[in-house]
Amino acid sequence: MMAGLACAMACAAGGTGAYTLPWRGKGEILRYHSCGCADACWVAEVRVAKTGAVKARLRCDCEKLYAVYPWPGKERLYAESCGVVGDGADKPRAISQELEKLLQRIKPDMPR
């Protein structure tokens with residue numbers, strides 16, 4: 001039990017600074033940062049490049065995937081598992097694709 005608690009505390013303390021992921025949206029950037037759990041806890045946001053205003057967010061809490069769309073709005077359960085975006089080398093592309101889907105829900109007639 002103590003080992004599990006120690007792991008939980010260590011996982012929560014991890015994380016990285018924010019950096020950009022590839023994104024095709026004109027005038028937008030995709031920012032990502034890990035918050036721990038060996039990169040299983042993370043936040044990805046599409047932002048307006050000029051102002052930094054958030055347009056949509058995906059967040060994994062080490063287990064479930066949550067989304068906020070449209071922005072500002074209420075965070076909603078997006079998937080029972082963060083496995084929707086996978087892990088490893090394809091993870092940035094998968095995150096980008098899921099955020100594109102979210103933004104299509106907001107304005108389905110807008111080209112991306």
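The values are calculated or read from the model by the stated rules, or taken from the named source; none is laboratory data. Computed from a predicted model, the values in this text were never measured in an experiment. Cβ coordinates were reconstructed from backbone atoms using ideal geometry, including for glycine residues, and neighbour counts include every protein chain displayed.
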* Using beta carbons and a limit of 8 Å, which pairs, at least six apart or on different chains, have the first residue in region 29-51 and at negative phi and the second one among the polar types (S, T, N, Q) and outside any loop (DSSP other than H, G, I, E, B)? -> 29/20; 30/20; 30/96; 31/20; 32/20; 41/34; 42/34
* Does region 74-97 contain any residue that is among the acidic types (Asp, Glu), under 19 Å from residue 19 (Cβ atoms) and surrounded by 13 or more Cβ atoms within 10 Å (Cβ to Cβ)? -> no
* Residues located in region 41-64, provided they are aliphatic (A, V, I, L, M) and buried (at least 19 other Cβ atoms within 10 Å of the Cβ) -> 44, 46, 56, 58
* Structure fact -> Within region 36-85, of all residues that are of a type in the set (Phe, Trp, Tyr) and assigned to a strand (DSSP E or B), the one farthest from residue 104 (Cα to Cα) is 42
* Asked: If residue 19 passes every condition in (1) surrounded by fewer than 12 Cβ atoms within 10 Å (Cβ to Cβ); (2) in contact with a Phe, Trp or Tyr (Cβ under 7 Å, 6 or more places away or on another chain); (3) modelled with pLDDT of 95 or more but one, which one does it miss?
  -> (3)
* Mind listing whichever residues of region 88-108 are touching a residue at least 40 places away in the same chain (Cβ under 8 Å), over 12 Å from the mean Cα position of the chain (by Cα) and farther than 13 Å from residue 24 by Cβ? => 106
